[in-house]
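The values are calculated or read from the model by the stated rules, or taken from the named source; none is laboratory data. A quick note: this is a predicted structure, and the numbers were derived from the prediction, not measured. Don't worry about glycine lacking a Cβ; one is built from the backbone with ideal geometry, like all the others, and counts go over all protein chains shown. To get the accessible areas, we keep the full protein, side chains included, count just its heavy atoms, and leave off ligands, DNA and RNA. Shrake-Rupley method; radii C 1.70, N 1.55, O 1.52, S 1.80 Å.
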Amino acid sequence: MRKYILLLFATTSFVLSTSCDRDLEQININPNQPLEVTTNGLFNNTNKELMTRTRRGMSSGRMALPWIQYSAQRNYTAEDRYQFRNEVNNSLYTDIFLAVKGYKQIIDIVNDPANAAKVATYGDPANQLAAARIMIAYAQLQLVDMYGDVPYYSYASKDPDFQAMTLGTDHEIPTPKFAPQEKIYTDLMNELKEAAESINLNATNVFNSGDFLFGSPLKLKKFANSLRLRIANRVKNVLPIAQTHLAELTANPESLMQSNEDNVGQKFQNDPVKPAPFYFDAFISRRNDFSPTNTFVELLKGETKTAHPNPFATIVDPRLFKMVAPVSQLVTSENGKQTEVTVAFYYDASKPEPCIEKNDYVDRTADLYNGMPIGIVDAYTGSQLAYASQFSGTVYKADYTEILMEYAEVAFILAELGVDPQANYVNGIKASMQKWKVEPSAMDDYLAQSLVVNQETILTQKYIALFFQPYEAWAEYRRTKYPKTLLFPGQSHELIAPGPQQQTEYTFTPLNGLTDLPGRITYPTDLNLVNKANKDEAAARMGGDLMNTKLIWAE
């Protein structure tokens, strides 16, 4: 059993085989667990688990969100300064491979002739297979974007370097190779193209039930093509084949997402049982750990307080009031006296002030929105907390939708590629604002002031639109070096209140000696126990298992 567990951790693609000892199968049957594993149930559960585990407070809130400066921690700031926890990294890596395992199980069920009759009752078989392939591509894209070379599974390719997902098969490879990034990105684009082409658009659905991402085959196809566009745009300067994919996709824009109706996201339950990850961490686990950063709030307020000028200087972005809560509210007492009180985080029936948990505060003027300083040391947090905004009640909704990909991103990619840049730039901003329910008049006022279209404005608007999609925003920063309005290691910024010794300024001092945002996450420490040789070979090939090692597409 110990050997099995170690192999399980080894490559993590390799998770959850059905039994440790085939001779004990009958003894190990759980009478409360259904014997039949349905593809629609697997799809629903795997989607929820993937989005929950990659967007929760430990992995997203303490790594990706602060690294791309959407979020700053309110108490313990070491991770904001790039010293992450090994156990969080181990879990993140494993959780993504667990999702790949779940989607591959759907493929195995669909492709087994013995299951044909049952599979047909779950939905169109071709679409089930396509959905699993497409979601495997989505999950593995996150892995390669985070780590670089990784063990990789391909449905169609027989490349000998693709050795993940073999545990439990006749050709087990307990210590798989780490495939080179060039091969992974090339195969991801091919997989998405083939899977999209295999979709049966004449079917009424993808799965008869359990599909809360797509619903229609057409939406699934648009997601596959849009995801391929994302990848091809990312690697277009390093992999010539990407240009072929871009040419094909941009020549057929109707094959891509066309509006917010095509957005793909995992909506969670509006209850405390299976709510959105941030709601769970905040109001079930009762932790108030995160605030929007000073740099992000300043970008939305049109302020320039970092070394690089704000490309939207003096223009207040109305998404500010949808993404961020004001610091305080005016509360009127019984005798008519008005008092300024801090917006509370948790609901307290004995106190009159509005709070984030109830989402019952009112919007204020932009000066009452302040971001938490990113990159401060722990000793500074206590002096800043009372003056820092919380994320909006919308962000903390129990039924918040965690986005996999949305139309606004597609519009900005097309604008960057020079495909009707003015129209796609405007379409991207409008789509983002409509998603956040910005009033049409406020949207029109903003657009009238911010129509300068160039690489910086396109990519900075894309950064705003990717709010709370931190892995994608982090990848885009590494590819483009936008936005330029971030605070970088070694730079100084004003505090929002005097510090412990009445300081008015601080310097961002990283804990790993970085001079820029991290270039990647180092490999999980668990791999040293079970697949060290292949891990070390991959690290040497990339230039070292370091946080400042650049991936093949990074500037």
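Within the stretch 154-163, can one find any residue that is surrounded by fewer than 22 Cβ atoms within 10 Å (Cβ to Cβ), more than 19 Å from the chain's Cα centre (by Cα) and of a type in the set (Gly, Ala, Ser)? Within the stretch 154-163, one or more residues are surrounded by fewer than 22 Cβ atoms within 10 Å (Cβ to Cβ), more than 19 Å from the chain's Cα centre (by Cα) and of a type in the set (Gly, Ala, Ser). Taking the conditions exactly as written (farther than 24 Å from Gly371 by Cα and either among the hydroxyl-bearing types (Ser, Thr, Tyr) or touching a helix residue (DSSP H, G or I) at 6+ places or on another chain (Cβ under 8 Å) (or both)), does Leu299 satisfy them or not? In short, no.
Filtered by the rule that a residue be touching a Gly at 6+ places or on another chain (Cβ under 8 Å) and open to solvent by 40 Å² or more (accessible area, probe 1.4 Å), the stretch 451-506 gives Ile496, Pro500.
Among the residues of the stretch 427-444, those identified as among the aliphatic types (A, V, I, L, M) and crowded, with 18+ Cβ neighbours inside 10 Å are Ile429, Ala431, Met433, Val438, Met443.
Among the residues of the stretch 297-315, how many are farther than 16 Å from Leu495 by Cβ and buried (at least 18 other Cβ atoms within 10 Å of the Cβ)? Result for the stretch 297-315: 7.
Of all residues in the stretch 404-421, one or more are crowded, with 20+ Cβ neighbours inside 10 Å, part of a loop (DSSP other than H, G, I, E, B) and touching a residue at least 40 places away in the same chain (Cβ under 8 Å).
The listed residues are Tyr103, Tyr70, and the only one of them that is at pLDDT 95 or above, surrounded by 19 or more Cβ atoms within 10 Å (Cβ to Cβ), within 22 Å of Thr169 (Cβ to Cβ) and hydroxyl-bearing (Ser, Thr, Tyr) turns out to be Tyr103. Scanning the stretch 164-185 for residues that are in a loop (DSSP other than H, G, I, E, B) and either small (Gly, Ala, Ser) or open to solvent by 30 Å² or more (accessible area, probe 1.4 Å) (or both) turns up Ala164, Gly168, Thr169, Asp170, His171, Glu172, Ile173, Pro174, Thr175, Lys177. The residues of the stretch 206-220 that are buried (at least 24 other Cβ atoms within 10 Å of the Cβ) and in a helix (DSSP H, G or I) amount to a single one, Leu220. Could you check, for the stretch 245-253, whether at least one of its residues is surrounded by 15 or more Cβ atoms within 10 Å (Cβ to Cβ), closer than 30 Å to Tyr506 by Cβ and among the acidic types (Asp, Glu)? Checked against the condition, which is being surrounded by 15 or more Cβ atoms within 10 Å (Cβ to Cβ), closer than 30 Å to Tyr506 by Cβ and among the acidic types (Asp, Glu), the stretch 245-253 yields no hits at all.
Assess whether Glu248 counts as being under 24 Å from Gly210 (Cα atoms), modelled with pLDDT of 95 or more and out of contact with any His (no Cβ under 9 Å at 6 or more places or on another chain). When the stated conditions are applied, Glu248 does not pass them. When the stretch 273-294 is filtered for residues that are surrounded by fewer than 24 Cβ atoms within 10 Å (Cβ to Cβ), of a type outside the set (A, V, I, L, M, F, W, C) and not in a loop (DSSP other than H, G, I, E, B), the ones remaining, listed by number, are Pro277, Tyr279, Asp281. Of all residues in the stretch 464-476, those that are β-branched (Val, Ile, Thr) have Cβ atoms under 8 Å from Cβ atoms of residues that are in a helix (DSSP H, G or I), 6 or more apart or on another chain, in Ile464/Leu299; Ile464/Leu300; Ile464/Ser432. Out of all the residues in the stretch 76-83, is one or more in contact (Cβ under 8 Å) with a residue 12 or more places away in the chain, touching a strand residue (DSSP E or B) at 6+ places or on another chain (Cβ under 8 Å), surrounded by fewer than 22 Cβ atoms within 10 Å (Cβ to Cβ) and part of a helix (DSSP H, G or I)? Yes: one or more hits.
When Asp112 is tested against (1) surrounded by fewer than 22 Cβ atoms within 10 Å (Cβ to Cβ); (2) under 28 Å from Ala540 (Cα atoms), exactly one condition is not met: (2). Only residues that are hydrophobic (A, V, I, L, M, F, W, C) and in a helix (DSSP H, G or I) were counted across the stretch 361-403, and they come to 5.
Note on the stretch 186-204: residues that are open to solvent by less than 30 Å² (accessible area, probe 1.4 Å) and touching a residue at least 40 places away in the same chain (Cβ under 8 Å) amount to 8.
Scanning the stretch 223-238 for residues that are open to solvent by less than 40 Å² (accessible area, probe 1.4 Å) and either in contact (Cβ under 8 Å) with a residue 60 or more places away in the chain or over 20 Å from Gln181 (Cα atoms) (or both) returns Phe223, Ala224, Asn225, Ser226, Leu227, Leu229, Arg230, Ile231, Asn233, Arg234, Val235.
Residues in the stretch 324-360 that are open to solvent by 60 Å² or more (accessible area, probe 1.4 Å), under 22 Å from Phe391 (Cβ atoms) and not in a loop (DSSP other than H, G, I, E, B): Leu330, Glu340, Thr342. For the stretch 271-285, the set of residues classified as within 20 Å of Gln469 (Cα to Cα) and free of Cβ contacts under 8 Å to residues at least 60 places away in the same chain is empty.
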